[in-house]
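Written out below as structure tokens is the structure these notes cover.
The values are calculated or read from the model by the stated rules, or taken from the named source; none is laboratory data. If you're wondering where the values come from, they're calculated on a predicted model, not measured in any experiment. Cβ coordinates were reconstructed from backbone atoms using ideal geometry, including for glycine residues, and neighbour counts include every protein chain displayed. Quick note on the areas: whole protein, heavy atoms, side chains included, nothing else; ligands and nucleic acids left out. Shrake-Rupley method; radii C 1.70, N 1.55, O 1.52, S 1.80 Å.
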Amino acid sequence: MKKFFTLIAVLLSMLSSFAQPNEARRPFNNQGRLSISTVTNDPVRVLVDGNNYSIKGNDDERTINDIRPGYHSIKVYQQKRSKNNSRKMNKNMQLVYEGNIYVKPQYHVDVVINRFGKAFIDERQMNAGYYDDNDDNGQGGWENNDNNMQPMNYRSFEQFKQVIRNESYDNTRLIAAKQTIASNYFSSAQVKEIAGLFSFENSKLDMAKYSYRYTVDKNNYFILNDVFAYSSSKEELARFIQAYR
């Protein structure tokens, strides 16, 4: 009987040793992703849980893969220009944003800091319908995944529009809009609303062209013709769509 219990103990120990590697890997299966970007051209320093990340300009972002689920502290410092000399940068970095961001398991959280230090935050579950722009291998992949795309929800879209409205000029609005559009999907009706927030015809056309790739119902894109004042803009957009296909 003693030998029997000894044998059972040995078998349990072996099973435990085989299970441990799987247990060690299990937390990583629920990891999330965090992306941080800014619309300013000035140097930016980002601290995530005390770790330093630098952002050179508005075309740059920092993405942290396999971040643990839960709250993460974020601080964004921006190097301001001197009041006496607009070309000269102050040595000290100024804190423009501070907050705690919650990352759900297997979610990609995207944070965009505008020029006034306000943060626009959106998230997307990294499931079968998730599409990472960094892994894009060609335009065809977007077409093949249209059925899995979901446009931005109403609440996030209203926040997104407010972020664009807060910018004073079309060029900064374009920067803020493109950064968010690149990590989300939209309906043709939503793109029409976004384009309508711009003052100039060329800005509207630029936004319409850029957003086409991220639109889930491309067959309805003709409704954007209503936002243009000139037929030449409508024709240029039509040529762009034809060339894209």
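Odds and ends about this structure:
- Compactness of the stretch 166-245, taken as the C-alpha radius of gyration over 2.2 N^0.38 Å, stands at 1.00.
- Carbon plus sulfur fraction of accessible area for the stretch 175-238, probe 1.4 Å, in percent: 50
- Annotation: amide H-H contacts under 5 Å for Ile67 (H modelled 1.01 Å from N, sequence separation of 5 or more, or interchain): Gly32, Arg33, Leu34.
- At a probe radius of 1.4 angstrom, the accessible area of the stretch 157-243 per residue rounds to 44 square angstrom.
- Computed from the alpha carbon atoms alone, the convex hull of the stretch 198-245 holds 70 Å³ per residue.
- Mean Cβ neighbour count within 10 Å, used as a protection proxy, ranking 173-179, 65-71, 163-169 highest first: 173-179, 163-169, 65-71
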